[in-house]
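Participant: The structure's right below; bear with me while I get my questions together.
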């Protein structure tokens, strides 16, 4: 469903992505792992069109979207941002129903849909009228998740879904991501360096280091990988090919 | 010598690049201004924030300035026995010059800074990216409603500033300087021309456009982190203030050069 072919992106002399090629079949969950600054977020932004790649192609359903108007495809995407990226000035239900409010549904209908989505991520209806600043970090993540799934997208991106959360809340978010994407049949790409997320969410794993895909394979083979980079990353060891000062 | 020339060249290129970016941003704003979708709710909110909530600061600024202007003209005019022209000079000074310029600068301080800080914070917290992923163009959703609202509401604010400023002079003239109230008002009305009022309101619209545009431009171009937001806010206010004063000169030339 999503294919990246030789994707490259540089910012000045900093080569963030170098000939990255990946494929995510429909309904599958790819988790991209890698250290901070390895190019994971830029990868997603290239797919979304938030960053224009210098070279390479992004193909979605056999259509090269690097050559087309990305805006027409965005209604098929949902995105959970690392820090939530909730709109401060809007109440929670308007954040969740933001895209739907620009559609044919009435505000009353959108509010009902938003409350239903909030319930799906484990939040009560009374959260709907709060503003994002009144919520805890975990609740903001849930609202971000509700917003990502509000319009029932076919493709969902998760950027560090558990960053900044305690282990219990991280586990809750991981389970929600897994359950919801499975019941929606969505194709997902998740960026994380949290190994508990990797094990909970992934069908496939790709490790990016220094802008290149260092290793890729099914989740079941991750622990048996002979790749020194993957082994160091999984174990969280300072010793190994991945420099600790980047 | 060579190093100096390199520095000059880099500065000129940098300034031209910045000017080019600003022109492109302005063109993009104008293009989005006339193409759907339009966000009426955002526009209404911007009208309220920029227009209604600015009334106190505009009124107080104009009131104190009008009063001080009356005092200055009276004491200065006394040197050549021209104390009687206080109503006329206050009227022409407030309506032609001080009203639009002071309201413009107060809006730059209050509105430009607020817009720049808000949009810059949205940028560093990825809210602008979130807008894009939700099929909403940030220029249409953030820039157009604010620029349009500021352009439309500023003539009204300037009108209020002009009236309150004249009233400040009136209060000072009558209560402190011994002018007859009816005569003061009659002199004010008789002396003002339609051209004075039209120029004042036109300046207001131009200054509103500049103030909101600068807030949006520097907010959207903000750097990372708290320093980026701070720098964007500062640059937006400075740019808006300088451009308002420059535009004032050109508009004054256009209206009153003959």
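Since every read-out is calculated from the coordinates, none of them should be taken as a lab result. Every value quoted in this text rests on a predicted model; they were computed, and no experiment measured them. Reconstructed Cβ throughout: ideal geometry from the backbone, glycine too, with neighbour counts over all protein chains shown.
Participant: Going by a ≥ b ≥ c, the root eigenvalues of the Cα gyration tensor, does segment B:39-256 fall in the rounded group (a/c under 1.5), the prolate group (a/b larger than b/c) or the oblate group?
Facilitator: Prolate is the answer for segment B:39-256, as a/c is 1.5 or above and a/b outweighs b/c.
Participant: Let me ask another. When a footprinting reagent is the concern and you count Cβ atoms within 10 Å, what order do B:175, B:83 take, fewest first?
Facilitator: Listing B:175, B:83 from fewest to most nearby Cβ atoms yields B:175, B:83.
Participant: Find the relative contact order for chain A and round it to a whole percent, using C-alpha pairs within less than 8 Å whose residues are 6+ positions apart.
Facilitator: 25
Participant: Which of B:26, B:233, B:121 moves most in a GNM of chain B, Cα contacts under 10 Å?
Facilitator: It is B:26.
Participant: Hey, fewest Cβ within 10 Å first, where do A:93, A:215 land in order?
Facilitator: A:215, A:93
Participant: Next question, about the same structure. What is the average number of partner chain Cβ atoms found within 10 Å of a Cβ in B:123-132?
Facilitator: Partner-chain Cβ atoms within 10 Å, mean over residues of B:123-132: 6.
Participant: Follow-up. Give me the angle, in degrees from 0 to 90, between the Cα long axis of helix A:167-184 and the longest principal axis of the Cα atoms of chain A, rounded to the nearest 10.
Facilitator: Relative to chain A, helix A:167-184 is tipped by roughly 80 degrees.
Participant: Here's something else I'd like to know. For the protein assembly as shown, what class follows from the C-alpha gyration tensor (a ≥ b ≥ c being the square roots of its eigenvalues): rounded when a/c is under 1.5, otherwise prolate if a/b is larger than b/c, else oblate?
Facilitator: Judged from the Cα gyration tensor, the protein assembly as shown comes out prolate (a/c at least 1.5, a/b above b/c).
Participant: For segment A:11-99, just say rounded, prolate or oblate: build the C-alpha gyration tensor, square-root its eigenvalues into a ≥ b ≥ c, call rounded for a/c under 1.5, and beyond that prolate if a/b exceeds b/c, oblate if not. Show your work: numbers first, answer last.
Facilitator: Details: a/c = 1.76, a/b = 1.37, b/c = 1.28.
Because a/c hits 1.5 or more and a/b exceeds b/c, segment A:11-99 counts as prolate.
Participant: Take the alpha carbon atoms of segment B:22-37, find their center, do the same for segment B:145-183, and report the distance between the two centers in whole angstrom.
Facilitator: Segment B:22-37 and segment B:145-183 have Cα centres separated by 33 Å.
Participant: Say we join alpha carbon atoms closer than 10 Å with springs in a Gaussian network model of chain A; which of A:31, A:143, A:58 then has the biggest fluctuation?
Facilitator: Of A:31, A:143, A:58, the most mobile in the Gaussian network model is A:58.
Participant: Then there's this: To the nearest 10 degrees, how steep is helix B:2-33 against the longest Cα principal axis of chain B, on a 0 to 90 scale?
Facilitator: Taking the Cα atoms of chain B, the angle to B:2-33 is about 80 degrees.
Participant: If I take all pairs of Cα atoms in segment A:2-235, what percentage of them are more than 25 Å from each other?
Facilitator: 41
Participant: Just from its helices, what would the mean residue ellipticity at 222 nm be for chain B, if runs of 4 or more DSSP H residues each count -39500 (n - 2.57) and the sum is divided by every residue, rounded to the nearest 500 deg cm²/dmol?
Facilitator: Details: 11 runs with 199 residues, N = 258.
After summing the helix terms and dividing by residue count, I get -26000 deg cm²/dmol.
Participant: Still on this structure: Fewest to most neighbouring Cβ within 10 Å: what's the order for B:250, B:191, A:157? Each step should come with its number before you reach the end.
Facilitator: Values: B:250 10, B:191 16, A:157 24.
Placing the least packed residue first, the sequence is B:250, B:191, A:157.
Participant: Moving on to the next point. Where does helix B:55-77 land angle-wise versus the long Cα axis of chain B, in degrees 0 to 90, nearest 10?
Facilitator: Once rounded, the angle reads 40 degrees.
Participant: Shifting gears a bit: Per residue of B:134-147, what is the mean number of Cβ atoms on other protein chains within 10 angstrom of that residue's Cβ?
Facilitator: Values: counts 17, 12, 6, 1, 0, 0, 0, 2, 0, 0, 0, 0, 0, 0.
That average works out to 3.
Participant: Please build a GNM for chain B, connecting alpha carbons under 10 Å apart, and tell me which residue among B:63, B:177, B:134 fluctuates the most.
Facilitator: Result for chain B, Cα springs under 10 Å: B:134 fluctuates most.
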